1. Once the piece of chain linking Leu17 and Tyr168 is laid out straight, how much longer is it, given 0.36 nm per residue of separation minus the C-alpha distance between them?
2. From the backbone phi of the stretch 167-178, what are the Karplus-calculated ³J(HN,Hα) couplings (6.51 cos²θ - 1.76 cosθ + 1.60, θ = phi - 60°) in whole Hz, Gly and Pro given as x?
3. Convert each backbone phi in the stretch 148-154 into a coupling constant with the Karplus relation 6.51 cos²θ - 1.76 cosθ + 1.60 (shift: θ = phi - 60°), then list the ³J(HN,Hα) values in order as whole Hz, x for Gly and Pro.
4. Within 10 Å of each candidate Cβ there may be at most 14 other Cβ atoms; applying that plus a DSSP loop requirement, which chymotrypsin sites (Phe, Trp or Tyr not before Pro) in the stretch 93-181 survive?
5. With the contact rule set at Cα under 8 Å and sequence spacing of 6 or more, what percent relative contact order holds for the stretch 113-223?
6. Please work out the FRET efficiency for the pair Thr8 and Leu108, using the Cβ-Cβ distance as r and a Förster radius of 30 Å; give the result to the nearest 0.05.
7. Spelling out what I want: for every residue of the stretch 87-94, take phi, set θ = phi - 60°, compute 6.51 cos²θ - 1.76 cosθ + 1.60 (Karplus), and round to whole Hz; glycine and proline get x.
8. Hey, what's the stretch 1-59 come to in accessible area per residue, 1.4 Å probe, Å²?
Amino acid sequence: MGKTYLQTAMLLGVMLLVSPFALYAAGFGQGGLRGTLDAPHYLFSASIPANASIFSHMLLGAAVTLLVPLQLIRPLRQRLPALHRLTGRVIVAGAGITAIGGLAYIALRGTIGGAPMNAGFTLYGALMLLAAWQTFRHAYARRIGQHHAWALRLFWLVLGSWLYRVHYGLWYLATGGLWSTPEFTGAFDLVQNFAFYIPYLIGVEIYLRRRFSSPQARANLRV
Ligand code: HEM
(Lines give C-alpha, C1' and ligand atoms only; values in the text may rest on other atoms or scores of the structure.)
Protein backbone atom coordinates (compact mmCIF):
# COMPACT_ATOMS: atom_id res chain seq x y z
CA MET A 1 0.00 0.00 0.00
CA GLY A 2 2.87 2.39 0.92
CA LYS A 3 4.52 1.73 -2.45
CA THR A 4 1.27 2.51 -4.28
CA TYR A 5 0.95 5.84 -2.44
CA LEU A 6 4.55 6.72 -3.29
CA GLN A 7 4.06 5.83 -6.98
CA THR A 8 0.83 7.85 -7.12
CA ALA A 9 2.49 10.87 -5.49
CA MET A 10 5.43 10.62 -7.92
CA LEU A 11 3.14 10.44 -10.95
CA LEU A 12 1.10 13.43 -9.73
CA GLY A 13 4.44 15.20 -9.20
CA VAL A 14 5.38 14.42 -12.83
CA MET A 15 2.06 15.92 -13.99
CA LEU A 16 2.85 19.07 -12.03
CA LEU A 17 6.40 19.27 -13.38
CA VAL A 18 5.38 18.85 -17.04
CA SER A 19 2.42 21.26 -16.85
CA PRO A 20 4.38 24.51 -17.56
CA PHE A 21 5.82 22.91 -20.74
CA ALA A 22 2.40 21.52 -21.73
CA LEU A 23 0.82 24.97 -21.28
CA TYR A 24 3.63 26.55 -23.31
CA ALA A 25 3.23 23.96 -26.12
CA ALA A 26 -0.59 24.32 -26.12
CA GLY A 27 -0.34 28.13 -26.29
CA PHE A 28 2.27 27.96 -29.07
CA GLY A 29 0.19 25.39 -30.98
CA GLN A 30 -3.09 27.27 -30.86
CA GLY A 31 -1.40 30.61 -31.61
CA GLY A 32 0.28 29.05 -34.66
CA LEU A 33 -2.92 27.40 -35.88
CA ARG A 34 -4.86 30.65 -35.59
CA GLY A 35 -1.98 32.74 -36.97
CA THR A 36 -1.90 34.89 -33.82
CA LEU A 37 1.63 34.24 -32.53
CA ASP A 38 2.99 37.21 -30.54
CA ALA A 39 6.13 37.47 -32.70
CA PRO A 40 7.30 36.00 -36.05
CA HIS A 41 8.74 32.50 -35.60
CA TYR A 42 10.79 30.32 -37.96
CA LEU A 43 8.35 27.42 -37.46
CA PHE A 44 5.52 29.53 -38.93
CA SER A 45 5.69 29.68 -42.73
CA ALA A 46 3.57 30.37 -45.81
CA SER A 47 2.91 26.62 -46.14
CA ILE A 48 -0.54 25.77 -44.75
CA PRO A 49 0.17 21.98 -44.51
CA ALA A 50 3.47 22.63 -42.68
CA ASN A 51 1.77 25.03 -40.24
CA ALA A 52 -1.13 22.65 -39.69
CA SER A 53 1.20 19.71 -38.98
CA ILE A 54 3.69 21.45 -36.65
CA PHE A 55 1.14 23.45 -34.64
CA SER A 56 -1.45 20.68 -34.28
CA HIS A 57 1.38 18.35 -33.12
CA MET A 58 2.16 20.89 -30.36
CA LEU A 59 -1.47 21.13 -29.25
CA LEU A 60 -2.06 17.37 -29.14
CA GLY A 61 1.43 16.73 -27.76
CA ALA A 62 0.62 19.06 -24.86
CA ALA A 63 -2.59 17.15 -24.05
CA VAL A 64 -0.85 13.77 -24.26
CA THR A 65 2.07 14.95 -22.08
CA LEU A 66 -0.35 16.06 -19.36
CA LEU A 67 -2.54 12.95 -19.55
CA VAL A 68 0.02 10.14 -19.84
CA PRO A 69 1.06 10.02 -16.12
CA LEU A 70 -2.60 9.42 -15.17
CA GLN A 71 -2.56 6.04 -16.93
CA LEU A 72 0.15 4.67 -14.64
CA ILE A 73 -1.71 5.47 -11.40
CA ARG A 74 -2.73 2.00 -10.18
CA PRO A 75 -5.69 2.97 -7.91
CA LEU A 76 -7.24 4.92 -10.81
CA ARG A 77 -6.83 1.93 -13.16
CA GLN A 78 -8.35 -0.43 -10.61
CA ARG A 79 -11.26 1.73 -9.43
CA LEU A 80 -12.13 3.49 -12.68
CA PRO A 81 -11.27 1.07 -15.52
CA ALA A 82 -13.68 2.81 -17.91
CA LEU A 83 -11.81 6.09 -17.38
CA HIS A 84 -8.49 4.28 -17.97
CA ARG A 85 -9.80 2.92 -21.28
CA LEU A 86 -11.20 6.29 -22.37
CA THR A 87 -8.04 8.24 -21.47
CA GLY A 88 -6.00 5.47 -23.07
CA ARG A 89 -7.81 5.87 -26.40
CA VAL A 90 -7.36 9.65 -26.26
CA ILE A 91 -3.63 9.22 -25.53
CA VAL A 92 -3.08 6.64 -28.29
CA ALA A 93 -4.90 8.79 -30.88
CA GLY A 94 -3.22 11.97 -29.59
CA ALA A 95 0.27 10.44 -29.58
CA GLY A 96 -0.33 9.04 -33.09
CA ILE A 97 -1.41 12.44 -34.46
CA THR A 98 1.43 14.22 -32.60
CA ALA A 99 3.97 11.87 -34.17
CA ILE A 100 2.43 12.09 -37.65
CA GLY A 101 2.32 15.91 -37.38
CA GLY A 102 6.01 16.07 -36.40
CA LEU A 103 6.99 13.60 -39.16
CA ALA A 104 4.97 15.48 -41.78
CA TYR A 105 6.65 18.75 -40.78
CA ILE A 106 10.11 17.15 -41.13
CA ALA A 107 9.16 15.85 -44.59
CA LEU A 108 7.77 19.24 -45.64
CA ARG A 109 10.33 21.68 -44.20
CA GLY A 110 13.00 19.79 -42.24
CA THR A 111 14.24 20.78 -38.80
CA ILE A 112 16.41 23.74 -37.86
CA GLY A 113 19.33 21.38 -37.11
CA GLY A 114 19.42 19.73 -40.56
CA ALA A 115 20.08 16.05 -41.33
CA PRO A 116 21.22 14.85 -37.83
CA MET A 117 18.22 16.48 -36.13
CA ASN A 118 15.88 15.22 -38.87
CA ALA A 119 17.20 11.69 -38.20
CA GLY A 120 16.82 11.92 -34.41
CA PHE A 121 13.31 13.34 -34.56
CA THR A 122 12.19 10.99 -37.35
CA LEU A 123 13.24 7.98 -35.27
CA TYR A 124 11.53 9.56 -32.25
CA GLY A 125 8.25 10.02 -34.17
CA ALA A 126 8.40 6.52 -35.67
CA LEU A 127 8.98 4.95 -32.23
CA MET A 128 6.10 6.92 -30.75
CA LEU A 129 3.78 5.76 -33.53
CA LEU A 130 4.89 2.16 -32.98
CA ALA A 131 4.51 2.35 -29.19
CA ALA A 132 1.04 3.95 -29.44
CA TRP A 133 -0.16 1.28 -31.86
CA GLN A 134 1.32 -1.62 -29.84
CA THR A 135 -0.10 -0.28 -26.56
CA PHE A 136 -3.56 -0.12 -28.12
CA ARG A 137 -3.41 -3.43 -29.97
CA HIS A 138 -2.27 -5.44 -26.92
CA ALA A 139 -4.88 -3.79 -24.67
CA TYR A 140 -7.58 -4.58 -27.24
CA ALA A 141 -6.48 -8.23 -27.36
CA ARG A 142 -6.26 -8.33 -23.52
CA ARG A 143 -2.53 -9.21 -23.58
CA ILE A 144 -1.94 -7.30 -20.38
CA GLY A 145 1.80 -8.07 -19.99
CA GLN A 146 2.66 -6.71 -23.43
CA HIS A 147 0.21 -3.84 -22.99
CA HIS A 148 2.03 -2.76 -19.80
CA ALA A 149 5.44 -3.05 -21.46
CA TRP A 150 4.47 -0.93 -24.49
CA ALA A 151 2.56 1.56 -22.33
CA LEU A 152 5.74 2.10 -20.30
CA ARG A 153 7.75 2.68 -23.50
CA LEU A 154 5.06 5.12 -24.71
CA PHE A 155 5.11 6.93 -21.34
CA TRP A 156 8.87 7.65 -21.61
CA LEU A 157 8.62 8.56 -25.29
CA VAL A 158 5.84 11.07 -24.59
CA LEU A 159 7.85 12.56 -21.71
CA GLY A 160 10.83 12.76 -24.10
CA SER A 161 9.82 16.15 -25.51
CA TRP A 162 9.73 17.60 -22.01
CA LEU A 163 13.00 15.84 -21.10
CA TYR A 164 14.61 17.39 -24.20
CA ARG A 165 13.94 20.86 -22.75
CA VAL A 166 15.00 19.72 -19.24
CA HIS A 167 18.35 18.45 -20.62
CA TYR A 168 18.93 21.77 -22.38
CA GLY A 169 17.91 23.80 -19.30
CA LEU A 170 20.25 21.87 -16.99
CA TRP A 171 23.11 21.92 -19.51
CA TYR A 172 22.85 25.68 -20.05
CA LEU A 173 22.67 26.23 -16.27
CA ALA A 174 25.77 24.10 -15.72
CA THR A 175 27.90 25.18 -18.71
CA GLY A 176 26.33 28.33 -20.15
CA GLY A 177 25.67 26.47 -23.43
CA LEU A 178 28.98 24.75 -24.14
CA TRP A 179 29.00 22.74 -27.44
CA SER A 180 25.58 24.11 -28.36
CA THR A 181 24.86 26.56 -31.21
CA PRO A 182 21.73 28.51 -32.28
CA GLU A 183 21.61 26.23 -35.37
CA PHE A 184 21.69 23.11 -33.13
CA THR A 185 24.93 21.90 -34.73
CA GLY A 186 27.20 21.71 -31.65
CA ALA A 187 28.42 18.42 -30.14
CA PHE A 188 25.88 18.68 -27.32
CA ASP A 189 23.07 19.34 -29.83
CA LEU A 190 24.10 16.32 -31.91
CA VAL A 191 23.98 14.03 -28.86
CA GLN A 192 20.68 15.56 -27.77
CA ASN A 193 19.04 14.57 -31.06
CA PHE A 194 18.86 11.05 -29.64
CA ALA A 195 19.61 11.44 -25.91
CA PHE A 196 16.14 12.63 -24.89
CA TYR A 197 14.59 9.22 -25.52
CA ILE A 198 17.17 6.44 -26.22
CA PRO A 199 18.69 6.24 -22.68
CA TYR A 200 15.20 6.19 -21.14
CA LEU A 201 14.08 3.41 -23.48
CA ILE A 202 17.18 1.40 -22.54
CA GLY A 203 16.26 1.95 -18.87
CA VAL A 204 12.75 0.62 -19.56
CA GLU A 205 14.15 -2.50 -21.25
CA ILE A 206 16.47 -3.18 -18.29
CA TYR A 207 13.58 -2.68 -15.87
CA LEU A 208 11.28 -4.98 -17.86
CA ARG A 209 13.88 -7.73 -18.07
CA ARG A 210 14.56 -7.58 -14.32
CA ARG A 211 10.90 -7.36 -13.37
CA PHE A 212 9.78 -10.16 -15.66
CA SER A 213 12.79 -12.43 -15.33
CA SER A 214 10.94 -15.76 -15.07
CA PRO A 215 10.57 -17.61 -18.43
CA GLN A 216 6.77 -17.47 -18.19
CA ALA A 217 6.70 -13.72 -17.53
CA ARG A 218 9.19 -13.19 -20.38
CA ALA A 219 7.03 -15.17 -22.77
CA ASN A 220 4.08 -13.01 -21.77
CA LEU A 221 6.01 -9.90 -22.81
CA ARG A 222 6.85 -11.05 -26.34
CA VAL A 223 5.10 -9.22 -29.19
C1 HEM B 1 5.19 14.44 -27.00
C2 HEM B 1 4.68 15.59 -27.15
C3 HEM B 1 5.30 16.73 -27.92
C4 HEM B 1 5.21 18.04 -27.57
C5 HEM B 1 4.46 18.61 -26.37
C6 HEM B 1 5.95 18.78 -28.55
C7 HEM B 1 6.09 20.16 -28.55
C8 HEM B 1 6.88 20.89 -29.41
C9 HEM B 1 7.13 22.30 -29.33
C10 HEM B 1 6.54 23.25 -28.28
C11 HEM B 1 7.96 22.64 -30.35
C12 HEM B 1 8.47 24.04 -30.70
C13 HEM B 1 9.89 24.21 -30.31
C14 HEM B 1 10.05 24.78 -28.94
O15 HEM B 1 9.47 25.82 -28.65
O16 HEM B 1 10.75 24.17 -28.11
C17 HEM B 1 8.22 21.43 -31.09
C18 HEM B 1 9.02 21.36 -32.21
C19 HEM B 1 9.17 20.23 -32.97
N20 HEM B 1 8.72 18.96 -32.70
FE21 HEM B 1 7.59 18.43 -31.12
N22 HEM B 1 6.46 17.91 -29.49
C23 HEM B 1 6.09 16.65 -29.15
C24 HEM B 1 6.40 15.49 -29.84
C25 HEM B 1 7.05 15.42 -31.05
C26 HEM B 1 7.24 14.23 -31.84
C27 HEM B 1 6.76 12.82 -31.46
C28 HEM B 1 7.90 14.59 -32.96
C29 HEM B 1 8.28 13.58 -34.01
C30 HEM B 1 8.55 13.76 -35.21
C31 HEM B 1 8.15 16.01 -32.88
C32 HEM B 1 8.80 16.79 -33.83
C33 HEM B 1 9.07 18.14 -33.72
C34 HEM B 1 9.79 18.89 -34.72
C35 HEM B 1 10.35 18.35 -36.03
C36 HEM B 1 9.87 20.20 -34.25
C37 HEM B 1 10.53 21.40 -34.96
C38 HEM B 1 12.03 21.34 -34.73
C39 HEM B 1 12.68 22.62 -35.26
O40 HEM B 1 13.04 22.65 -36.43
O41 HEM B 1 12.79 23.59 -34.48
N42 HEM B 1 7.61 16.46 -31.71
N43 HEM B 1 7.57 20.38 -30.49
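1. Working: separation 151, 0.36 × 151 = 54.36 nm, distance 1.56 nm.
Stretched out fully, the Leu17 to Tyr168 stretch lengthens by 52.8 nm.
2. So the J values, rounded to whole Hz, are 4, 4, x, 5, 5, 5, 5, 6, 10, x, x, 4.
3. With the stated coefficients, the stretch 148-154 comes to 4, 4, 6, 5, 5, 4, 4 Hz.
4. Trp179
5. Values: 81 pairs, mean separation 36.5, N = 111.
Rounded, it is 33 percent for the stretch 113-223.
6. The value I calculate is 0.15.
7. 4, x, 5, 4, 5, 4, 5, x
8. 62
The values are calculated or read from the model by the stated rules, or taken from the named source; none is laboratory data. If you're wondering where the values come from, they're calculated on a predicted model, not measured in any experiment. Cβ: placed from backbone, ideal geometry, glycine included. Neighbour counts: every protein chain shown. Ligands, DNA and RNA are stripped out before the accessible areas are found, and what is left, the full protein with its side chains, is counted by its heavy atoms. Shrake-Rupley method; radii C 1.70, N 1.55, O 1.52, S 1.80 Å.
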